[in-house]
Each structure stands twice: as structure tokens, then as C-alpha cells.
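S.K.: Starting off with a structure, shown below.
The values are calculated or read from the model by the stated rules, or taken from the named source; none is laboratory data. Bear in mind the structure is a predicted one, so any value in this text is a computation, not a measurement. All Cβ positions, even for glycine, are placed from backbone atoms using ideal geometry, and neighbour counts span all protein chains on display. Surface areas here come from the heavy atoms of the whole protein model, side chains and all, with no ligands, DNA or RNA. Shrake-Rupley method; radii C 1.70, N 1.55, O 1.52, S 1.80 Å.
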Amino acid sequence: MTIITKRAALTACAFATLSLSATAALAQQTIVIKFSHVVANDTPKGKGAERFKELAEKATHGRVKVEVYPNSTLYKDKEELEALQLGSVQMLAPSLAKFGPLGAKEFEVFDLPYIFPNMTVLKRVTEGPIGQGLFQKLESKGIKGLAYWDNGMKVMTANRPLHKVADFRALKMRIQSSKVLDEQFRALKANPQVLAFSEVYQAMQTGVVDGSENTPSNVYTQKMHEVQSNLTVSDHGYIGYAVIVNKKFWEALPADVRSQLEGAMKEATVYANTIAQKENDDALAAIKASGKTKVYTLSEEEKAEWRRALLPVHKSMASRVGQDLIDAIYKESEAAGVRMN
């Protein structure tokens, strides 16, 4: 072997060694997951995110670091999905209504009033083929669905009592960007106003909106009860979240890390969904104790009137969310012993 050949061989060997070293170093680099959301830390979603951070970092022995950004500190409602698609953040837990404007309008089925008669039916949907089928619709948008997290059933708030359907007439009610929610309030003769979650308190305080719908935990932690004189326990709708991740980021993870994170997410999901009802019960009790908001629970007769006014929204929105999807949820209700009418 000539001197030149030996030198070339040594150079190639050196480059190979450096390449292997770089690959090994890269494999050991800390993987950062920015997890952004728009609610407070002391809500079911906020606590779920913190639990996932704890479990993920433990499961991966520190190879993954989860940075949680609550309360819209990174991105507001309308910004966060684009940020995820661009890779500016890796993980979100947006409300299910957020996917309609993205083009996955089928997710707005979760916004239909009185579509879920109880949590048993909801779980049959989110944990079964329907829920997984909806997640598949996000794949083409660069999004991977990991889990469904509960917040709970919604209440109505306003600066007037909301007992009868007529009480909603002409009220400016804040909604998320959802055609279904827009139709819901129009069915009640109210005026729906799309507004970012982070802007709702000030809008209520200044009279830009008269009221809104949300879960008790969100109402309480955002102090909305301080600027709303009345709250009605109506259980007319559901708020849930989809924990999602940037698809390219997820698929580029080492297989063992991805498996560890899947386990952490599964455990965090059980935790988040278990505490959701208690968080809402505690929040409602705290709102009552504050004395700042009158809390009223609909009678059976009043709820029946609300249902008569709102169930036609299912039919009017069928062309948007899909009649087949609505019928599939009806079948889950019937399988659980509840007949929709």
C-alpha cells in the first residue's frame, strides 16, 4: 500500500469515526417538547400537561425535556395550530372545536348541543373507532392525534338569569370559532361573537360580550364569575381537548423514546380524565361560595325546553359534520341505553 493510499484510508477512517461520534452524540442530545396551551395550570388540562411532563421526563430518564407554556404565554387560540404545523411548538391540547377552521370540520360534532347524554356515551366515542377515525383526518395536515382529554360539561354565564330560551334573545355570547356553536346560539336567538379565550374576561368586563359558555373550572380559574352575575348549570354541551403533536417531529423520534412517551401520555390521560369532574365540582362550589355569581340549575322542564330549541341544530349541521357521524354517535347512545329524539 502506498503512502498516499494509507493516508486516504486513515482519513476515511477518521471521518467515519467522527460521523459515528456525531451520530452517537445526536442520539444522546436532550429532546425538547414545547407543550403550549391556553388555560391555567390549575385546570384539568393544565394539570394533565404537568403530569405528562413529569411522567415523560421520568420514563425517558431525562432524554426528553417537556416545557409547558400555559395561559396563552406562547400562542393564542388562533395562532397555536399554525405554530404546531410549522414546528414552532411540538405539542398542543386544543379544544376539539379548533379543528373545524383547519378543515377537519367533522370534529365540530363534539360541539353539537345535547349530543352526549352522559359521559358513558362520550367515552364510547372518544375511546372507540369513532375517535380514532377522527384522528386520522388530521394526518394529512401534519398533525398526529395522541389522546382525548376531558374538561367536562358546559354551563352558561351572563349578566342576566338564563332559565328560559327567551332569556338568550339578543345577548352577545362569546364562542370559539365553530360553525356549530354559531348555529347553537342563533337557535337561541342570541348573537354569537368569536373571541380568543385569553380575551374573554376583559370583553365581559367592558361589555363587548354579555356572556359565554364554558366549564366551571375554566370560568373559575379565569375569574369570569367576577364579571358575570349569573351562571346556569345546563350540561348542554361538552368541552374536550385533543392532545396533538407535530407529525414529522413525532415520527422522527427514536422508536424507544416514542414508545416511552406513548406510555406517559396514556397514564397522563387517565389522570386528566379522572380529575376533570372533581375539578369542575370544586370550581362550581367555589363560585357559589364567592357570592359574586348566582348559580342556578335548570329544572327538568326547563332543560326539556332547551333541548327542543337546540336539537334541530343536529339536523342543520349534518351537512357540515356528516350525518353518518351523527348517526354513529346516536348508535353509541342507544347501545348505552339512551335513545336520542
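S.K.: To the nearest 10 Å², what's Arg124's accessible area with a 1.4 Å probe?
M.R.: 100 Å²
S.K.: Can you sort Lys34, Lys223, Lys58 by 1.4 Å-probe accessible area, starting with the largest?
M.R.: From most exposed to least exposed: Lys58, Lys223, Lys34.
S.K.: Magnitude of the Cβ-charge dipole of the range 48-125, K/R +1 and D/E -1, about the Cα centre, nearest 20 debye? All intermediate terms of the calculation are to be shown ahead of the outcome.
M.R.: Working: 11 positive and 11 negative charges, 62 e Å.
Computed charge dipole of the range 48-125: roughly 300 debye.
S.K.: What number comes out for accessible area per residue over the chain if the probe is 1.4 Å? Units Å², please. Can you show the working numbers first?
M.R.: On the way: 15780 Å² over 341 residues.
On a per-residue basis, the chain sits at 46 Å².
S.K.: Next question, about the same structure. Give me the percent of DSSP beta bridges within the chain that run antiparallel, rounded to the nearest 5.
M.R.: Close to 55 percent.
S.K.: Also, quick follow-up: Using alpha carbons only, how many angstrom separate the centre of the range 101-117 from the centre of the range 156-221?
M.R.: 18 Å
S.K.: List, in order, the whole-Hz ³J(HN,Hα) value for each residue of the range 100-116 obtained from phi through the Karplus relation with A = 6.51, B = -1.76, C = 1.60 and θ = phi - 60°; use x for Gly and Pro.
M.R.: After applying 6.51 cos²θ - 1.76 cosθ + 1.60, I find x, x, 7, x, 9, 5, 4, 5, 5, 4, 5, 7, 4, x, 6, 6, 10 Hz.
S.K.: Moving on to the next point. Given the chain, report the % of alpha carbon pairs whose separation exceeds 27 Å.
M.R.: On the way: 28264 of 57970 pairs.
Distances greater than 27 Å cover 49 percent of the Cα pairs.
S.K.: Could you state the angle between the C-alpha long axis of helix 44-59 and the longest principal axis of the C-alpha atoms of the chain, as a value from 0 to 90 degrees rounded to the nearest 10?
M.R.: So the helix axis and the longest Cα principal axis differ by about 20 degrees.
S.K.: More than 13 Å apart: what percent of Cα pairs in the range 55-125 qualify?
M.R.: Every Cα pair in the range 55-125 considered, those over 13 Å come to 74 percent.
S.K.: Now a separate question. Could you grab the Rg to Rh ratio for the range 79-214? Cα atoms only, Kirkwood for Rh.
M.R.: 0.99
S.K.: Can you work out the FRET efficiency for the pair Ala196 and Val257, with r the C-beta to C-beta distance and R0 = 56 Å, to the nearest 0.05?
M.R.: So the FRET efficiency works out to roughly 0.95.
S.K.: Using just the helices of the chain, give the 222 nm mean residue ellipticity in deg cm²/dmol: DSSP H runs with n ≥ 4 each add -39,500 (n - 2.57), and the total is spread over all residues, rounded to 500.
M.R.: -15000 deg cm²/dmol
S.K.: Let me ask another. Write down Rg/Rh for the range 201-325, rounded to two decimals, with Rg from the C-alpha atoms and Rh from the Kirkwood relation over Cα pairs.
M.R.: Answer for the range 201-325: 1.08.
S.K.: Hey, what angle do you get for helix 255-290 against the long axis of the chain, alpha-carbon based, 0 to 90 degrees rounded to 10?
M.R.: The answer is roughly 30 degrees.
S.K.: On the protein heavy atoms, probe 1.4 angstrom, tell me the percent of accessible surface of the range 23-138 carried by carbon and sulfur.
M.R.: Ligands and nucleic acids excluded, carbon and sulfur give 50 percent.
S.K.: Okay, next question. Out of all DSSP beta bridges in the range 147-261, what portion is antiparallel? Express it as a percent rounded to 5.
M.R.: Once the DSSP bridges in the range 147-261 are tallied, antiparallel ones form about 70 percent.
S.K.: Quick one: give the max-minus-min coordinate of the C-alpha atoms of the range 159-257 along each principal axis, largest first, in Å.
M.R.: 56, 28, 23
S.K.: Extent of the range 263-304 along each principal axis, from alpha carbon coordinates, in Å, largest to smallest?
M.R.: 44, 29, 9
S.K.: Okay, moving on. Compute the distance in nm between two label points, each set 7 Å from the Cα along the Cα-to-Cβ direction, one at Leu86 and one at Arg160.
M.R.: The two pseudo-label positions are separated by 4.2 nm.
S.K.: Given a Förster radius of 45 Å and the C-beta distance between Gln29 and Lys223 as r, what FRET efficiency does 1/(1 + (r/R0)^6) yield to the nearest 0.05?
M.R.: It comes to 0.65.
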